Amino acid sequence: MQLVLPIAVILVALSVVTDSAEIPVPERSVSQKFEKFQEEFQTFMDDVGEKARGAFRDLHNSELVNKTRNWFTENFRKMKEKFRTTFSNGETN
C-alpha cells in the first residue's frame with residue numbers, strides 16, 4: 001500500500017512535466033486568419049463557379065432545350081414568312 005502512493009505521485013508529476021513540455025502553437029494574427037479565410041473562400045467560389053458552368057453547359061446542350069429552341073426558331077420563321085406574304089400582297093408601288 002505504501003508503494004502505491006509514491007507511484008501515483010510520480011505519475012502525476014510526469015504528466016504535469018510532459019504537459020508543460022509541449023510546445024505551444026503560436027496564435028495566428030488577424031491578418032493571417034483573414035488570408036486563410038480568403039483562400040478558403042476563393043477555393044469554395046471557384047468550385048461553385050465550375051459546377052454552375054457545368055450545369056449551364058449541360059442544360060444548354062440537353063435534348064429538351066434543343067427541341068424547344070428548334071421549335072421556337074421554326075415557328076418564328078413561319079411567322080415571319082406569313083407576315084411577309086400577307087403584307088407584301090397589299091402593297092401598291
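Only the coordinates and a few stated rules stand behind these numbers; no lab work does. Because the structure is a prediction, the values reported are computed rather than measured. Neighbour counts run over all protein chains shown; Cβ positions are idealised from the backbone, glycine included.
Step through the residues of the stretch 50-60 one at a time and calculate ³J(HN,Hα) from phi using the Karplus curve (6.51 cos²θ - 1.76 cosθ + 1.60, θ = phi - 60°), rounding each to whole Hz and writing x for Gly and Pro.
Karplus values, whole Hz, x for Gly and Pro: 5, 5, 5, 4, x, 5, 5, 4, 5, 5, 4.
If you scale each eigenvalue of the Cα gyration tensor by 5 and take the root, what three semi-axes come out for the stretch 31-75, rounded to whole angstrom and sorted largest first?
The answer is 41, 8, 4 Å, longest axis first.
Want the number for Leu59 to Ser88: 0.36 nm per residue separation, take away the alpha-carbon distance, what's left?
This chain segment gains 6.4 nm when fully extended.
Cross-link candidates for Lys36: which lysines have Cα within less than 25 Å, leaving aside residues fewer than 8 places away along the same chain?
Once the sequence-local lysines are set aside, what remains near Lys36 is Lys51.
Using the basic label-point model (7 angstrom from Cα toward the beta carbon), what is the Leu11 to Phe72 distance in nanometres?
Roughly 7.7 nm, to one decimal.
Please state the charge dipole magnitude for the stretch 26-93, taken about the Cα centre, from unit charges on C-beta atoms (+1 on K and R, -1 on D and E), reported in debye and rounded to the nearest 20. Working shown, then result.
Details: 13 positive and 12 negative charges, 117 e Å.
About 560 debye.
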